[in-house]
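Report on one structure; see the data block that follows.
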Amino acid sequence: MSTKLPVVRGADLVRALERTGWTQLRTKGSHVRMEREGHHVSIPLHNPLRRGTLATILDDVGMTADELRRPALSPDVFPSQSHRSTSAQHAHASVIALGIALTEGLL
């Protein structure tokens with residue numbers, strides 16, 4: 001198990017917290033106020049959240065980095081654990097496909 005914090009957008013963290021029973025109370029500026037069982041937490045909608053900010057929020061809500069990575073909480077938050085741009089992902093996939101084709105003697 002890794003304790004290293006993932007790179008997360010604020011909006012993705014809000015979705016993950018909603019899956020664990022937190023509800024959005026309001027949005028003011030770039031912050032979402034959430035509540036569960038009388039406990040309140042404010043999530044900045046920054047992209048990405050700073051490591052220290054994420055660590056503090058996870059501590060406040062009683063969640064670990066490993067729990068945040070669970071597929072049930074984050075299927076769309078960490079689809080491939082990759083933080084490349086879409087065009088970089090396509091380029092990477094093309095390079096992999098080319099490498100496979102070369103190794104299999106197709107080219």
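Bear in mind that the values in this text are calculations on the coordinates, not laboratory data. These numbers come from a predicted model, not from an experiment. So basically every Cβ, Gly included, is an ideal-geometry build from the backbone, and we count neighbours across all protein chains shown.
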What pairs come out if I take residues in the stretch 5-27 that are touching a residue at least 12 places away in the same chain (Cβ under 8 Å) and pair them with residues that are exposed (fewer than 15 other Cβ atoms within 10 Å of the Cβ) and assigned to a helix (DSSP H, G or I) whose C-beta lies under 7 Å away, six or more apart or interchain? 5/51; 5/55
Within the stretch 20-34, considering residues that are surrounded by 14 or more Cβ atoms within 10 Å (Cβ to Cβ) and assigned to a loop (DSSP other than H, G, I, E, B), the one farthest from the chain's Cα centre (by Cα): 22
Listed by first then second residue, the pairs whose first member lies in the stretch 46-63 and is part of a loop (DSSP other than H, G, I, E, B), whose partner is crowded, with 18+ Cβ neighbours inside 10 Å and not charged (D, E, K, R), with beta carbons under 7 Å and at least 6 positions apart or on separate chains, are 46/10; 47/10; 48/8; 49/8; 49/10; 49/13
